[in-house]
Amino acid sequence: MRLRGNKRQKTDEQPELYGTSGLAVELRGVRRQYGRGKGAVHALGGVDLALPRGTFTAVMGPSGSGKSTFLQCAAGLDRPSAGSVRLGGTEITGMRENQLTELRRSRLGFVFQAFNLLPSLTVEENVLLPMRLAGQRRDRRRAAQVLARVGLADKAGRRPGELSGGQQQRVAIARALITGPDVIFADEPTGALDSTTAAEVLGLLRHAVDTLGATVVMVTHDPTAATWADRVLFLADGVFAGGLDRGTPERIAERMAALTSPTGAMARAAA
Ligand code: ADP
């Protein structure tokens, strides 16, 4: 991550700030193609999605089904080849790079498998980083509040390397919560954690949704992790192939197996 000064990048056009739709994430006809002509790969083949605020959604799918591409396009990290993406009511499709960067810093939260904390900064400084990058006043009281929320009130002065993996991921969640974002995007957030620690981290994301009204979109390959979500959406060959509300790990695993099996693939190809 590149650190920048505190100069707030001023945008000449102020994007529409808050929509009235109550939707945190809205994708319409989103396509993402890599390459051209015969060798083109259609990673997303026309995705429509509307996620209300205050919901926790898990996205699952076989390897190569388009999960990363979906997350990148939905979070404004990659540009779709066609279609539109709205976040918190703001149309991001035509935004310039500096506008997108500012939106990601101030209105989105990110939690990654590899934690992505800066090792030379303290826990508190890591949590305050989005505010610093967005050129906002560093609110140490707010940092203390979010650290308390994730059970790390006493670790503010430590460096990430002094913490366990689970604790580091909790710092990442505190960092994602600090700006009160429209959406938190989580990419395999428990991929590097044991199952007990994973449950603690997922419990924190669940808690953020239930008590703070946060909206979480999480890509995972783990059916148990997905049960913490309100809804599991399944991606297959770049399109959403149905969902499951409050499924058990067994039912989620069954759906995944059906998507991965040769007969499942054949049925999709014939559809
Ligand atoms: P998943 O995260 O579900 O494994 P991806 O979104 O990474 O799926 O990939 C979807 C499809 O797009 C795959 O066929 C993959 O090979 C292809 N793909 C992803 N990124 C690129 C890229 N930069 N260039 C070419 N093809 C890509």
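The values are calculated or read from the model by the stated rules, or taken from the named source; none is laboratory data. If you're wondering where the values come from, they're calculated on a predicted model, not measured in any experiment. All Cβ positions, glycine included, derive from the backbone under ideal geometry; neighbour counts span all protein chains shown. With ligands, DNA and RNA removed, areas are computed over all heavy atoms of the protein, side chains included. Shrake-Rupley method; radii C 1.70, N 1.55, O 1.52, S 1.80 Å.
Would you please give the FRET efficiency between Asp139 and Asp78, computed as 1/(1 + (r/R0)^6) with r the Cβ-Cβ distance and R0 = 41 Å, to the nearest 0.05? Don't jump to the answer; show the numbers that get you there.
Working: r = 31 Å, r/R0 = 0.75.
For Asp139 and Asp78, the calculated efficiency is 0.85.
Can you give the FRET efficiency for Ala114 and Arg246, using 1/(1 + (r/R0)^6), R0 = 30 Å, r = Cβ-Cβ distance, to the nearest 0.05? Please report the intermediate quantities before stating the final value.
Numbers: r = 29 Å, r/R0 = 0.98.
Once rounded, the FRET efficiency stands at 0.55.
Give me the compactness ratio for the chain, meaning the Cα radius of gyration over 2.2 N^0.38 Å.
Values: Rg = 18.7 Å, N = 271, 2.2 N^0.38 = 18.5 Å.
Cα-based Rg divided by the globular estimate yields 1.01.
Taking the full set of protein chains and a 1.4 angstrom probe, give the accessible area of Arg53 in square angstrom, rounded to the nearest 10.
About 100 Å², ignoring ligands and nucleic acids.
How much of the accessible area of the chain, in percent, comes from carbon and sulfur atoms when a 1.4 Å probe is used? Before the final figure, lay out the partial values.
Working: 6520 of 12940 Å².
Answer for the chain: carbon and sulfur cover 50 percent of the accessible area.
Once phi is turned into ³J(HN,Hα) by the Karplus curve 6.51 cos²θ - 1.76 cosθ + 1.60 with θ = phi - 60°, what whole-Hz value does each residue of segment 235-252 show in order, with x for glycine and proline?
Result, rounded to whole Hz: 9, 9, 6, x, 9, 6, 10, x, x, 9, 9, 6, x, 7, x, 5, 5, 5.
Using each residue's phi in segment 216-232, evaluate 6.51 cos²θ - 1.76 cosθ + 1.60 at θ = phi - 60° and report the 3J(HN,Hα) Karplus result to the nearest Hz, with x for Gly and Pro.
10, 10, 10, 8, 8, 9, 9, x, 5, 4, 5, 5, 6, 7, 5, 8, 10
Hey, got the Cα dimensions of segment 109-225 along the principal axes, in Å, largest first?
40, 30, 21
Could you please report the charge total around Leu204, scoring K, R as +1 and D, E as -1 over all other residues with beta-carbon less than 12 angstrom from its beta-carbon?
Details: positive: Arg149, Arg170, Arg206; negative: Glu200, Asp210.
Combined, the nearby Lys, Arg, Asp and Glu give +1.
Considering the options Leu117, Val239, Met256, tell which one lies farthest towards the positive end of the dipole of the chain, charges being +1 on Lys and Arg and -1 on Asp and Glu at the Cβ, about the Cα centre.
Farthest towards the positive pole: Leu117.
Using a cut-off of 10 Å between beta-carbons, work out the net charge of the residues near Gln72 (Lys and Arg +1, Asp and Glu -1, Gln72 not included).
Values: positive: Arg32, Lys67, Arg79; negative: Asp78, Asp187.
With Lys, Arg at +1 and Asp, Glu at -1, the net is +1.
Rounded to the nearest 10 degrees, what's the angle between the helix 195-212 long axis and the longest principal axis of the chain, both from Cα atoms, 0 to 90?
Taking the Cα atoms of the chain, the angle to 195-212 is about 80 degrees.
Relative to the longest principal axis of the C-alpha atoms of the chain, give the angle of the C-alpha long axis of helix 97-107, reported between 0 and 90° and rounded to the nearest 10°.
With both axes taken from Cα atoms, the answer is about 70 degrees.
If you find the alpha carbon centre of segment 123-176 and of segment 61-97, how far apart are they in angstrom?
Taking the Cα centre of each part, segment 123-176 and segment 61-97 sit 27 Å apart.
Nearest 10 degrees is fine. How inclined is helix 140-149 to the longest principal axis of the chain, computing both from alpha carbons?
On a 0 to 90 degree scale, this one is about 50.
Check Gly54: other-chain or 5+ apart residues with amide H under 5 Å from its amide H, H built from backbone geometry?
For Gly54, whose amide H was placed from the backbone, the distant partners under 5 Å are Thr215.
Compute the projected area of the convex hull of the Cα atoms of segment 223-265, averaged over all viewing directions, and report it in nm² to one decimal place.
On the way: hull surface 11.1 nm².
With the hull built on Cα positions only, its mean projection is 2.8 nm².
Find which of Thr190, Ser63, Met95 sits farthest along the positive direction of the dipole of the chain, computed with +1 on the beta-carbon of Lys and Arg, -1 on that of Asp and Glu, about the Cα centre.
Farthest towards the positive end: Met95.
Taking H as built 1.01 Å from N, whose amide H comes closer than 5 Å to the amide H of Val25, not counting residues under 5 places away?
It is Leu51, Gly88, by chain and number.
With label points built 7 Å along Cα→Cβ from the Cα atoms of Ala148 and Thr260, find their separation and express it in nm.
It is 4.4 nm.
Pull up all non-local amide H partners of Gly109: gap of 5 or more, or a different chain, and H-to-H distance under 5 Å with H placed in the peptide plane.
Amide H neighbours of Gly109, under 5 Å, 5+ apart: Val183, Ile184, Phe185.
Once ligands and nucleic acids are excluded and a 1.4 Å probe is used, how much of Asp222 is accessible, expressed in Å² to the nearest 10?
Per-residue accessible area (Asp222): approximately 50 Å².
Which distance in nm do the two modelled labels at Glu162 and Val41 give, with both placed 7 Å along the Cα-to-Cβ direction?
Here the answer is 4.3 nm between the modelled labels.
Accessible area, 1.4 Å probe, largest first: how do Glu162, Glu26 sort?
On the way: Glu162 105, Glu26 35 Å².
Greatest to least solvent exposure: Glu162, Glu26.
Show Phe115, Phe240, Phe185 ordered by accessible area, largest first, where the area counts protein heavy atoms only and the probe is 1.4 Å. Mind dumping the intermediate values first?
On the way: Phe115 30, Phe240 50, Phe185 5 Å².
The residues order as Phe240, Phe115, Phe185, largest area first.
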